[in-house]
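Participant: What follows is a structure written as structure tokens; I'll ask about it next.
Each value in this text was obtained by applying a stated rule to the coordinates, not by laboratory testing. Nothing here was measured: the structure is a model prediction, and the numbers come from that model. Cβ placement follows ideal geometry from the backbone for every residue including glycine, while neighbour counts extend to all protein chains displayed.
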Amino acid sequence: MSTHLQTIQRLQNELAIANAKIHQLQQESASLRKQVSSVPTPTANSSPPSESTPLSSKRPRSPSNDAAPPTTKVSKLPNLKPKHSLSAIARRFSSPTAPSSFTFIHVPIHRRLPIHQLRANPRDLHINTRRILDIPYSDRNVASFLIHTGFEPELRFQLYKHKITIRDDFDPLSSTIIRDPTLLNESIERKTKLARHVFLQRLGSAFRRLKAPLYNAVTNYFL
């Protein structure tokens, strides 16, 4: 019986010692937390202390020291290539069409211009010149846009927008094209054949400026 009492007494002593150590550790932990909370938190503007003062701060200020810092040069953005027009992008998602067909849109012109100037003018009117195959003169005061029929609605819209008259009444195969005084008394049939001959000659000049695939498509349509 005395042995059990001794064991209980020993365990009680060990428990008391353990509780004392736990209490001591709790006090030390609380003291450390208090010390940490009293240390100021560094801010973004604060900088770590340096061991030595830079030499520049010890020298007296001079005009050179007060000079403004060098400006940073901003490089120019590269020129971006113009994007395809929305209509050109939309055409990529259209259904396959029938075989290519072409047409002329005739407009009046006050006087004949050099061909390079005549081709540059539509660009100033925001007309997509990439879709204009050629601009020959079909008569004395008539210039004609050779285009694919798919471009016709857009071209007409731009011409109407800039109040440019479209000569839908003009016929390049009409006998009235022939104004040679020596042929004045020729028959209408004869003049019509001559008008067609002149028309084909003008087409030939335009076709020579086209690349092979497009040249074949246009010649097969008109000839």
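Participant: Leaving out same-chain residues fewer than 8 places away, which aspartates and glutamates sit with a Cα under 19 Å from that of Lys193?
Facilitator: Within reach: Asp139, Asp171, Asp180.
Participant: Rounded to whole Å and sorted largest first, list the principal axis extents of the Cα atoms in segment 99-222.
Facilitator: On the principal axes, segment 99-222 reaches 45, 33, 25 Å in Cα extent.
Participant: Looking only at Cα atoms, what is the convex hull volume of segment 140-204 per residue, in Å³?
Facilitator: 103
Participant: Would you please put 154-162, 177-185 in order of how densely packed they are, using the mean number of other Cβ atoms within 10 angstrom per residue and starting with the highest?
Facilitator: 154-162, 177-185
Participant: Related question: For His162 and Asn13 in one chain, what is 0.36 nm times their gap in residues minus the Cα-Cα distance, to one decimal in nm?
Facilitator: 42.8 nm
Participant: At 7 Å along the Cα-to-beta-carbon direction for both Leu125 and Glu28, put a label point, then send me their distance in nm to one decimal.
Facilitator: About 9.5 nm separates the two model spin labels.
Participant: Give me, ordered by chain and number, the residues 5 or more places off Asp134 or on other chains with an amide H under 5 Å from its own placed amide H.
Facilitator: Amide H to amide H, under 5 Å and 5 or more residues apart or across chains, Asp134 pairs with Leu146.
Participant: Cβ under 15 Å from Arg202's Cβ, Arg202 left aside: what net charge do those residues give with Lys, Arg +1 and Asp, Glu -1?
Facilitator: Local net charge: +2.
Participant: In whole angstrom, how far apart do the alpha carbon centroids of segment 171-219 and segment 100-140 sit?
Facilitator: The two parts, judged by their Cα centres, are 17 Å apart.
Participant: Same structure, new question: For Arg167, list long-range residues whose amide hydrogen, built 1.01 Å from N in the peptide plane, is under 5 Å from its own amide hydrogen.
Facilitator: Residues meeting the amide H criterion: His106, Val107.
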